[in-house]
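Accompanying notes for the structure given below.
The values are calculated or read from the model by the stated rules, or taken from the named source; none is laboratory data. The structure displayed is predicted, hence computed values, not measured ones. Counting neighbours? That spans all protein chains shown, and the Cβs are built from the backbone with ideal geometry, glycine included.
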Amino acid sequence: MSAINTPTTVQGNHSLTVLTDHYSVLLGIDLSEKKLSCNSESVLNYRKLIYYSELKNILAEESWEQIYDCESRELAADKQVEKFNHYLALSTVKIKIRKENIKRKPWVTKGLMTSVSIKNELYRQLRINLCDENLKDRYKRNRNF
């Protein structure tokens, strides 16, 4: 029997080894959610979505014998966390958030966004027609607005 299967308790200066018919729980995760769920963190217009049902199936099919046969608890815990992170990465997808669904600050109004888009369009046109004085004047007025 390996070291992971024999829990040890310390009483005074003596350690007692007790044989049991079950293993200690290192990590508990509620995988009962059936629908697609998402992390709250959104980084640079991307969001990570975790398919919990897929993760649950992958974890159920995994043979954990390699972890049970480890010589030390620390090594077993490290391997379990490593496997879990690997399977979590397999069941996670990264999707891009559409431009119109990005949360904006409360002070950014629809009118302000319209002004910004007009200014950007004038800038694109100005890059094509550098000699157009009327376009330069309109761009400068919108830029400073």
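Would you mind finding the one in VAL108, VAL81 that is of a type in the set (Val, Ile, Thr), part of a loop (DSSP other than H, G, I, E, B) and either at pLDDT below 90 or assigned by TED's automatic domain parsing to the domain that holds ALA60 (or both)? Can you show your working first?
Numbers: VAL81 fails: part of a loop (DSSP other than H, G, I, E, B).
Step by step, each of VAL108, VAL81 is checked, and only VAL108 is of a type in the set (Val, Ile, Thr), part of a loop (DSSP other than H, G, I, E, B) and either at pLDDT below 90 or assigned by TED's automatic domain parsing to the domain that holds ALA60 (or both).
The residue pairs whose first member lies in the range 90-108 and is within 30 Å of LEU55 (Cβ to Cβ), whose second member is assigned to a strand (DSSP E or B) and of a type in the set (A, V, I, L, M, F, W, C), and whose beta carbons are closer than 8 Å, counting only pairs six or more residues apart or on different chains, are SER91/ILE50; THR92/LEU49; THR92/ILE50; VAL93/LEU49; LYS94/LEU49; ILE95/LEU49.
Scanning the range 90-102 for residues that are out of contact with any Lys or Arg (no Cβ under 8 Å at 6 or more places or on another chain) and at pLDDT 90 or above, we see that the one that is surrounded by the fewest Cβ atoms within 10 Å (Cβ to Cβ) is LEU90. The set of residues from the range 51-71 being outside any helix (DSSP H, G or I), surrounded by 11 or more Cβ atoms within 10 Å (Cβ to Cβ) and touching a helix residue (DSSP H, G or I) at 6+ places or on another chain (Cβ under 6 Å) comprises just one member, CYS70.
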